[in-house]
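Structure incoming, see below.
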């Protein structure tokens, strides 16, 4: 591969990462062809882009996106594949968990491993972060919860006024009848 081709690959990857800023770096080394194909198929079905790229090209692609130096020590070593999903921050984590549960390995190793992730420029390093990432809520989910919380007090006030209004009207009517 020529230097120009490598530069172009790094630039293309950088553009794709910049669009979403939700990406996971995994280690799928040791997976056989059938496992790799099944993993790629699941990624495709869930609209998650999965590419295997050399670590040096990943580093070059990340340079214009910010400070990813935390990834240099442990994440960008060995075999690396990138899962890119601009729509959802937790979809790749859920996919990793689902793939592992559906495809247990005979040697009892967990593959693919989560090496690191970037969610809206927040960095998560290590396999132990997978559960945290899987439980992240999407922006739409959070907005829905906030709207629900904001509507709840208003609904309670309206309900109380409506039920209380009937009571007040009944009391006024009873009092007016007693006077007469």
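Relative to the longest principal axis of the chain, what angle (0 to 90°, nearest 10) does the C-alpha long axis of helix 139-179 take?
10 degrees
Right, another one. In square nanometres, what is the average projected area of the Cα convex hull of the chain? Can you show the working numbers first?
Working: hull surface 65.1 nm².
If you wrap the Cα atoms of the chain in a convex hull and average its projections, you get 16.3 nm².
Each label point is 7 Å from the Cα along the Cα-to-Cβ direction; what then is the distance between the points at residue 73 and residue 5, in nm?
Spacing of the two 7 Å Cα→Cβ label points: 3.6 nm.
Starting with the fewest neighbours, write out 50, 24 ranked by other beta-carbon atoms found within 10 Å of each beta-carbon.
On the way: 50 23, 24 28.
Ascending Cβ contact count within 10 Å gives the list 50, 24.
Something else: Going by average Cβ density within 10 Å per residue, which order do the peptides 58-65, 143-150 take, highest to lowest?
Details: 58-65: 17.2, 143-150: 10.2.
Final packing ranking: 58-65, 143-150.
Within 10 Å, count the other beta carbons around each residue, average over each peptide in 26-34, 87-95, and list them highest first.
87-95, 26-34
In what order do 42, 1, 83 fall by count of nearby beta-carbon atoms within 10 Å, going from fewest to most? Mind dumping the intermediate values first?
On the way: 42 17, 1 9, 83 24.
By the 10 Å Cβ count, ascending, the order reads 1, 42, 83.
Read-outs: derived from the displayed coordinates by stated rules, not from any lab. All figures in this text were calculated on a predicted structure; none of them were measured in a lab. In this analysis, Cβ positions are derived from the backbone assuming ideal geometry, glycine residues included, and neighbour counts consider all displayed protein chains.
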